[in-house]
1. Here's a check for you: in region B:1-28, which residue that is more than 21 Å from B:Glu248 (Cα to Cα) and more than 10 Å from chain A (Cβ to nearest Cβ) is surrounded by the fewest Cβ atoms within 10 Å (Cβ to Cβ)?
2. Residues in region A:54-75: is at least one within 14 Å of chain B (Cβ to nearest Cβ) and more than 30 Å from A:Ala229 (Cα to Cα)?
3. Restricting to region B:130-146, name every residue that is free of Cβ contacts under 8 Å to residues at least 24 places away in the same chain and among the aliphatic types (A, V, I, L, M).
4. Kindly list the number of the only condition in (1) touching a residue at least 40 places away in the same chain (Cβ under 8 Å); (2) within 14 Å of chain A (Cβ to nearest Cβ) that fails for B:Ile204.
5. Just one of B:Leu189, B:Leu249 is touching a Pro at 6+ places or on another chain (Cβ under 8 Å), in a strand (DSSP E or B) and either of a type outside the set (D, E, K, R) or within 14 Å of chain A (Cβ to nearest Cβ) (or both); which is it?
6. Go through region A:224-267 and give me each residue that's acidic (Asp, Glu) and in a loop (DSSP other than H, G, I, E, B).
7. crowded, with 17+ Cβ neighbours inside 10 Å and outside any strand (DSSP E or B): which single residue out of A:Leu88, A:Leu100, A:Leu57, A:Leu65 fits that description?
8. Give the residue, chosen from A:Gly105, A:Gly122, A:Gly78, that is at pLDDT below 95 and away from chain B (no Cβ under 14 Å).
Amino acid sequence: MIYRKRGCVARWEHGRVVVVHEAGEAIEERGVFQVRTVAGRIAGATLEDVASVANALRSVNAERLVVSHGVAEHECDGVTWREETRRLHIAITHKHLRALVDRAGFELDEVARIASALTRAGAERDAPARIRLAPSVAAALLPHLAGVAPPNVRLIQSGGGLDGNGEEIQEVAGPPWRNVFRPSYRIRPVRMPLNLRLECDVDVIDRDLPEAVALLAPVAGLMLRVLVADGQRVYPSTIRVTRIDAVGHERAWYPYAAGAFGSEIML
Amino acid sequence: MDDGDRIAATQTTDDELMRACDAAIDQLREDVDENARVRLVATARRVQGVLMTDQTMTITIGGVSIVSRDAAVLRRALEIPKSVDRTDLPIVWRGGSAAVLLHEAVAHAAEHDAPPVKWPSWLRVSDVPQFAFDDAGNAAKGADLIAEPPQCLRRESFRDVPLRRMTNVVVRQTHAPFALPAKSIDVHLVAGGAYDPLTDVVTIHVAVSSAGAFTFRRTRAEVAKSLVGAKGAPIVYPGVICSREGQELAVGSAAPVMVTA
């Protein structure tokens, strides 16, 4: 199998714009995975002004900010496809707290809301007995639910699009995962679920419950360190996910693992 | 091409750099132990017309890794029996492993311009570059990491922004006190570590010790206060693959036997 990729990306990082053009191919034969550069540039790619996105976040106390926009052309065994990606990663800090935000677009309102909530955060509190997870928090949890999701919910690979070998991504409700994730031509593709989503027969969310609005640390198994907003009160807390009572209908895609559709979850 | 605000990076094939990498990998292959998981990495770069190469071999057995070309070192360490049931005893950092503790507590903190803490007067932690030029074209300069940040700018690849990063951490002691505690934990290998600039907390995941695997977590001030002794010349630790901002770089490490209590 021969896989080729040509692409370019503009990335804002450490106060600088990095524009990268690269092209390469990966060949896997008889158990050997080999990559090398190839000549040529992607044609017709216009990159967004990532610096302006970063500048729009100047008022946020960002410990780390990475904004990127990339365009890539892929070719694998005669199948060609093109994709465009936007990524925003920001670590917002206030005192000893750090909120981690990852998005697949440049809509900044939610970032501002999280930053505002973080500045109002009080002392650590126990997690409430019942809580809502914001879609972005729920999306980060999804890859960790594989194999351990409670029986009343279904963890599904969403069908549509092409995987890292140019094969159609199938709608699959559990392992074995037949599609592959290939984030770079330099990385051997890995079988794993792509574009996960969670479904539950109950989709009514109690909006009066406190809400976990942001992650304060990467998800560790089923433990979530989160920023909780309960009316005017905001506090850090740690949740252990033991049951899921409801999953909302509206979904948005987030760049966690090989992709996850986050929807509101009620615990 | 770097104009200060903007880096334009274009991938090209450079035959001289490719040959240098191939030669480095060929050298590493001679030492590959086929009964271990082995990762070979060779990089070549040309800065100010000077060709420089780096090569590392990471050997993993039973989930424990070292950066070394000798799997026997790891096998010997893995045979060390667990003889202590507690992890709250004083720790004797052997085989240069204290370099990893101070890599996190001193060197990373220096990279982040962390406020000073009171380190023992007998302690020196230096960055001692082993190459002529850093990755921004500056002549490589050493640094006293207790007093200043590393002076070298390093980048993992042509795609990355050069960052102020340590290169080769050498810990020395001058007339340090040293007394082996009656009961202690001997640390031999470290699986990884971290420094959080927000909380000033240092975390070390010990892989091989007389108490088995455990996690050591203290604030930087607590680490400084806990350093009660050291003995001898720096011992070269197998090595550290250091990841910061997604950029993985090899960092040399050496330290004398040290005691924290």
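The values are calculated or read from the model by the stated rules, or taken from the named source; none is laboratory data. Note that the structure is predicted; figures quoted are calculated from it, not measured. FYI the Cβ positions are ideal-geometry reconstructions off the backbone, even for glycines, and counts take in every protein chain you see.
1. Here the residue is B:Asp15.
2. Initially, region A:54-75 is screened for residues within 14 Å of chain B (Cβ to nearest Cβ), giving A:54-55, A:61-68, A:70, A:72.
Adding the requirement that they be more than 30 Å from A:Ala229 (Cα to Cα) leaves A:70, A:72.
Scanning region A:54-75 turns up at least one residue that is within 14 Å of chain B (Cβ to nearest Cβ) and more than 30 Å from A:Ala229 (Cα to Cα).
3. At the first step, the residues of region B:130-146 found to be free of Cβ contacts under 8 Å to residues at least 24 places away in the same chain are B:138-139, B:141-142, B:144.
If the condition is that a residue be free of Cβ contacts under 8 Å to residues at least 24 places away in the same chain and among the aliphatic types (A, V, I, L, M), then B:Ala139 is the only one that fits.
4. Going through the list (1) touching a residue at least 40 places away in the same chain (Cβ under 8 Å); (2) within 14 Å of chain A (Cβ to nearest Cβ), B:Ile204 breaks only (2).
5. B:Leu189
6. Going through region A:224-267, the residues acidic (Asp, Glu) turn out to be A:230, A:245, A:250, A:264.
The answer is A:Asp245, A:Glu250, A:Glu264.
7. Values: A:Leu88 fails: outside any strand (DSSP E or B); A:Leu100 fails: outside any strand (DSSP E or B); A:Leu65 fails: outside any strand (DSSP E or B).
Every option except A:Leu57 fails the conditions.
8. Values: A:Gly105 fails: at pLDDT below 95; A:Gly122 fails: at pLDDT below 95.
A:Gly78 is the lone residue from the list that is at pLDDT below 95 and away from chain B (no Cβ under 14 Å).
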